[in-house]
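What follows is a single structure, written as structure tokens, with notes after it.
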Amino acid sequence: MSCSQCRPTGDFPESGFLHIRTDHPVLVESLMNLFKEHGLEGIHSGNVASAKYSNLIELQDFMEKSLKTFNEMAVRSFYCSVTSALEEMSVFTPWISFQQFYERMKHIDLYDIIQQQLFTTHSQPIVFLQSGEIYGYEFLLRPSTEEFKFKPYELFQFAERAGLQALLDGNARMTSIRNSAGAVSPGLKRFINFLPSSIYDPKHCLATTFKAAADAGVDPNDLVFEVVETEEIADIDHLKSILQAYQEQGMKVALDDLGAGHSTLSVLKELKPDYVKIDRKIVSFCDEDASKEDMIQKIVEVAREIGAVVLAEGIERKEEADIALKCGVELAQGYYFGRPVPTKSLAAVVQ
Ligand code: G
Ligand code: MN
């Protein structure tokens, strides 16, 4: 059910063999020389140069030395893999680019967090602007312990550089769904972020998400998936097919962080999401900036045309809530209504 992009990648063996594959025979030779210079025992077979390492520091040192020795084109031809024993190499050995491998080594703490899923969720209330009544919660990825801390934004950036984005994004989605099951009453919506660029084939990549919802007993109708990076959409047809895959399961979709970018309104008309979340940059001090109020009004008008519900994000002051309400915004989120809290702490109020 999972492809190589979202399959767990395994721990780095503390000691073992580093393998580097390249299509250039002369580089295999150079790698063998570099192993020798570095005091590592090298073995080569076809287009693969392998070396034994005794600890991770040694492995890291060697990777750094390679980066200094080879030019960019050579490094780009390198694919790496590690095994505990030489005989473990097989046709199933997963190869990753030198750069991704190096990132994983360099930030092994972040690698472990993703690999071992050392994260949990916090939830922030989403309310009806008019009554203040709870409509649902947005789920946000957070560290699960003091010992394995991370900044969510940095973890996702690292994941992108290390080729772990699909794995992290998929597991974060599943954690949100599972955590919501015991903590949030049925009927309340669960807003969950996702990165469209981490989904290659919607039906295939989302199968585990759909299964997680079914296994956790979460009504598909209570799930709202938020497309982040809306402003950077490169392939709108691909995104459409992802949104459709969610909607075919009875789930809802939202466009997150909708800004003042020139493409905002046309993207909205084209994608017709169920919800529209207005970025907090526009909401912030919208009571003191007529152009911000104007933008909110325009988004509400287009949303009405396509039958989408509008939510204003990042409301921190009563004045902002008042403007949003005046413009016809239905839902709100922000520190003024409630900060993110550990999802588990909501469990007490589930009826
Ligand atoms: O882009 P997205 O809406 O998913 O971002 C959610 C992030 O915004 C969370 O990390 C959350 O803590 C933060 N956040 C939520 N409400 C507010 C707010 O009122 N003000 C600010 N500055 N940040 C907020
Ligand atoms: Mn969001």
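Numerical summary
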{"quantity": "Translational diffusion coefficient (Stokes-Einstein; Kirkwood radius from C-alpha pairs) of segment 3-106 at 10 °C, 1.306 mPa s, in µm²/s", "calculated": "116 µm²/s"}
{"quantity": "Helix-only CD estimate at 222 nm, as mean residue ellipticity for the chain, using -39500 (n - 2.57) per DSSP H run (n ≥ 4)", "calculated": "-12500 deg cm²/dmol"}
{"quantity": "Heavy-atom accessible surface of the chain: percent carbon and sulfur, 1.4 Å", "calculated": "51 percent"}
{"quantity": "Of the chymotrypsin sites (Phe, Trp or Tyr not before Pro) in segment 3-95, those whose Cβ has at most 16 other Cβ within 10 Å and which sit in DSSP loop", "calculated": "F92, W95"}
{"quantity": "Accessible surface of D11 - all protein chains present, 1.4 Å probe, nearest 10 Å²", "calculated": "100 Å²"}
{"quantity": "Per-pair calculated FRET efficiency, R0 = 22 Å: R161 and H204 via Cβ, rounded to 0.05", "calculated": "0.35"}
{"quantity": "Efficiency of FRET from Cβ geometry, N33 and S185, R₀ 45 Å, rounded to 0.05", "calculated": "0.10"}
{"quantity": "Residue order for I108, I323 - accessible surface, 1.4 angstrom probe, largest first", "calculated": "I108, I323"}
{"quantity": "Greater than 32 Å apart at Cα, pairs in K211/K281; K252/K281; K149/K189", "calculated": "K211/K281"}
{"quantity": "Model label zone, N221; criterion: amide N under 14 Å from point 7 Å along Cα-to-beta-carbon; scope segment 169-190", "calculated": "186-190"}
{"quantity": "17 Å cut-off, amide nitrogen to a point 7 angstrom out along Q297 Cα→Cβ, residues in segment 310-346", "calculated": "320-330"}
{"quantity": "Potential lengthening between K269 and I306 on full extension [0.36 nm per residue; Cα-Cα distance subtracted]", "calculated": "12.6 nm"}
{"quantity": "Per-selection metrics, the chain (Cα): Rg and Dmax in Å", "calculated": "23.9, 72"}
{"quantity": "Accessible area in the full protein assembly, largest first, 1.4 Å probe, for R317, R280, R178", "calculated": "R280, R178, R317"}
{"quantity": "Dipole in debye (nearest 20) - segment 113-350, about Cα centre, beta carbon charges: Lys, Arg +1; Asp, Glu -1", "calculated": "680 debye"}
{"quantity": "Point-to-point label distance, F148-L56, nm (Cα→Cβ direction, 7 Å offset)", "calculated": "1.2 nm"}
{"quantity": "Inter-probe distance in nm under a simple model that places probes 7 Å from Cα toward Cβ, at R317 and N71", "calculated": "5.7 nm"}
{"quantity": "Low-density loop positions, chymotrypsin sites (Phe, Trp or Tyr not before Pro), segment 257-351 - DSSP coil, at most 15 other Cβ in 10 Å", "calculated": "F285, Y335"}
{"quantity": "1.4 Å probe accessible area per residue over the chain, in Å²", "calculated": "49 Å²"}
{"quantity": "Share antiparallel - DSSP beta bridges, segment 113-350, percent rounded to 5", "calculated": "35 percent"}
{"quantity": "Solvent-accessible ranking of C327, C6, largest area first, probe 1.4 Å", "calculated": "C6, C327"}
{"quantity": "Extension reserve of the D112-S45 stretch, reckoned as 0.36 nm per residue once the Cα distance is removed", "calculated": "21.1 nm"}
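The values are calculated or read from the model by the stated rules, or taken from the named source; none is laboratory data. Note that the coordinates shown come from a computational prediction; the quantities given were computed from them, not determined experimentally. Here the Cβ is made from the backbone with ideal geometry for all residues, glycine too, and neighbour counts use every protein chain on show. The protein model used for the area step is the full one, side chains on, heavy atoms only, and it has no ligands, DNA or RNA in it. Shrake-Rupley method; radii C 1.70, N 1.55, O 1.52, S 1.80 Å.
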